[in-house]
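Read through the structure below, which is laid out as structure tokens, and then see the notes.
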Amino acid sequence: MALLDSWRIDLDTLNWEQLSSRFKDIKFRRRRDDFLERTFSFMETNQFNSAFIQELKDKGAKIKFEYWIKEPSVGYANFEYRNSILRWHFPPHVKLSTRARGYVRDKVLFHELAHLWFGNIWNGENVCALNDLEVICEYIGRDNRTNPELLGEVLRAFNLRHYIYDIPSLDALSPPAFSEFRDYFIKKGYTILKD
């Protein structure tokens, strides 16, 4: 677990350009690696969109905030689990730190939702494949978080507090009638955060 935690912290130190560069390197290795081929094929045939968020909600997915997660930029995603013999059913859920706020919370949330989107595509091949999947999920999470419609849908679907920290977060909250507020935030220096 320490290896994964250290990798997660490493991802947080990457800015968008560095993350994009790692993502392109992984994509370049796609044809030589069965796991990466399977992963990118999944990405090409499935959409991380509002239908996926609705599907999670229909399955009873929850976002839980835990005190024991000390680092605000760490989260955990648990997949749907069914045990037909014992009649257990655990819907998919994401655990985030109670300390996570604003951009950090949304960035980690979208990273973990990307893990739920992929499901159990990683079947224990090797740690390098898992590290590649972490980079891919971080890239997909940050990229999709900048979509105001999808961000708003996630916040409404899971009844999460809305924070305004960049233009997509403002657009996710406000209808077009609030364009004067948008102009004000742009003048104040708000941009699109991906770092």
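Observations on the model:
- Scanning the stretch 151-167 for residues that are over 18 Å from V104 (Cβ atoms), in contact (Cβ under 8 Å) with a residue 40 or more places away in the chain and not acidic (D, E) yields a total of 1.
- Looking only at residues in the stretch 47-60 that are modelled with pLDDT of 90 or more and outside any helix (DSSP H, G or I), the one that is surrounded by the fewest Cβ atoms within 10 Å (Cβ to Cβ) is N49.
- Failed item, numbered, when I121 is tested on (1) assigned to a helix (DSSP H, G or I); (2) of a type outside the set (D, E, K, R); (3) over 17 Å from I69 (Cβ atoms): (1)
- Of all residues in the stretch 141-154, at least one satisfies being modelled with pLDDT of 85 or more and surrounded by fewer than 16 Cβ atoms within 10 Å (Cβ to Cβ).
- Selected residue (only one of L96, L19 is more than 18 Å from D143 (Cβ to Cβ) and at pLDDT 90 or above): L96
- Pairs where the first residue, in the stretch 48-62, is without any contact (Cβ under 8 Å) to a residue 60 or more places away in the chain and the second is part of a loop (DSSP other than H, G, I, E, B) and surrounded by 16 or more Cβ atoms within 10 Å (Cβ to Cβ), C-beta under 7 Å, 6+ apart: K59/E80; K59/P91; K59/P92; G60/P91
- Candidates in the stretch 61-75 are the residues that are crowded, with 17+ Cβ neighbours inside 10 Å and in a strand (DSSP E or B); of these, the one that is modelled with the lowest pLDDT is G75.
The values are calculated or read from the model by the stated rules, or taken from the named source; none is laboratory data. These figures come from a predicted structure and were not determined experimentally. Heads up, the Cβs are rebuilt from the backbone with ideal geometry, glycines too, and the neighbour counts pull from every protein chain shown.
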